[in-house]
């Protein structure tokens, strides 16, 4: 390692240690603070640097030394127990010290981005003690069950599925199909838990954002139903529905970036323009709505196994139908498939189209148009749901907002070069 790089590594080590030490000192954590943590992190870096010359036992010995120091500190603190100073029983400080020692060592081994991410994550976990503990107190039995159902489908079912193609047109891969189920349920469960973290105090824009990530269709139906019993909420309900519908395009982009990174940058301009157009419409709707927050409707558990299995079946069906339509009926039939499949679910048509484009089975020009048609079809479905379930004020607003949105989508379809 050259001298300039060495000083850079030592500087980063010092900054990361200071960051964690600052948090510990500010939170009045007894023992290690703003001076100790930088020294621990630097010790890890220096030990790793010296271990390259004198052997790995030096690095291991430093780790043992830090662990012994933290144990000794804890014992001494517990020996001085008074009414003003209760027992110090938590392992967080010691674990943070050991982890920051290893973060320092990672810097010496040129794992700089990973070390920075871990060091920053440690600081955030320490700082977010109260919000995280409050979150755990707020979650109930259904929330825990949602997490472990995700564990079931991701860590128990997925690994045993065969990773090879079967069936007509050689497009059905059980492992890949269930991987898409895990992916979609993972996004929904993550957003669901975030909504639980924010609780009932989430504002209008956050409600729309989380609603779009969990399910824009479910969010639309929920707010439409609420508008009948609370007509005055119609302006804000329209904003939440509009924001959730715009966020769908961010979710689509994220899904494509994960399952088909090579396709992402080719669809980003078209779907980005559509997302920006709908966000602009939502912004104007928000500007003319009442300036008060609205609680997020109680989100339903998105990890239920039956919907997950149904999504997997729909995804597989779309793969086969798209492959058959391409072989026998041409591009026009593909657009009809996108129109129908996008009515109630955007994820299936998005993921299946992205995988087919990535594998060379579909041209990119057809692929992004199918995704956009599916999204517009889903907007039409949500508009119909609002008209059926919502009051007249909300229906008029949504028909206007969705009509302008679809006009922009049609313009993109027709005139995109």
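Brief remarks on what is shown
- Number of the exception - residue 305 against (1) within 23 Å of the chain's Cα centre (by Cα); (2) within 27 Å of residue 406 (Cβ to Cβ); (3) modelled with pLDDT under 85; (4) loosely packed, with under 14 Cβ neighbours inside 10 Å: (2)
- Verdict on residue 25 being closer than 24 Å to residue 129 by Cβ, at pLDDT below 80 and not in a loop (DSSP other than H, G, I, E, B): yes
- Residues located in the range 140-163, provided they are part of a loop (DSSP other than H, G, I, E, B) and either in contact with a helix residue (DSSP H, G or I) (Cβ under 8 Å, 6 or more places away or on another chain) or touching a residue at least 12 places away in the same chain (Cβ under 8 Å) (or both): 161, 162, 163
- Test result for residue 273, touching a residue at least 60 places away in the same chain (Cβ under 8 Å), surrounded by fewer than 18 Cβ atoms within 10 Å (Cβ to Cβ) and farther than 20 Å from residue 398 by Cβ: yes
Matching residues to (1) over 28 Å from the mean Cα position of the chain (by Cα); (2) modelled with pLDDT under 90:
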| residue | (1), (2) |
| --- | --- |
| 359 | no, yes |
| 365 | no, no |
| 371 | no, no |
| 376 | no, no |
| 394 | yes, yes |
| 399 | yes, no |
| 406 | no, no |
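- Residue identified as modelled with pLDDT of 75 or more and surrounded by 14 or more Cβ atoms within 10 Å (Cβ to Cβ) among 100, 155: 100
- Subset of the range 407-417 [part of a helix (DSSP H, G or I) and farther than 10 Å from residue 278 by Cβ]: 407, 410, 411, 412, 413, 414, 415
- All conditions but one from (1) over 37 Å from the mean Cα position of the chain (by Cα); (2) modelled with pLDDT under 75 apply to residue 72; the one that does not is (2).
- For residue 119: the one exception among (1) at pLDDT below 80; (2) not assigned by TED's automatic domain parsing to the domain that holds residue 308: (1)
- Search result, residues across the range 234-254 that are crowded, with 21+ Cβ neighbours inside 10 Å and over 20 Å from residue 404 (Cα atoms): 251, 252
- Meets criteria (more than 26 Å from residue 414 (Cα to Cα), touching a helix residue (DSSP H, G or I) at 6+ places or on another chain (Cβ under 6 Å) and either assigned by TED's automatic domain parsing to the domain that holds residue 366 or free of Cβ contacts under 8 Å to residues at least 24 places away in the same chain (or both)) for residue 252: no
- Checking the range 365-388 against the condition returns a match, with at least one residue being under 28 Å from residue 169 (Cα atoms) and surrounded by fewer than 16 Cβ atoms within 10 Å (Cβ to Cβ).
The values are calculated or read from the model by the stated rules, or taken from the named source; none is laboratory data. As the structure is a prediction and not an experimental result, all values here were calculated from the model. Note that each Cβ is placed from the backbone with ideal geometry, even for glycine, and that neighbours are counted across all protein chains shown.
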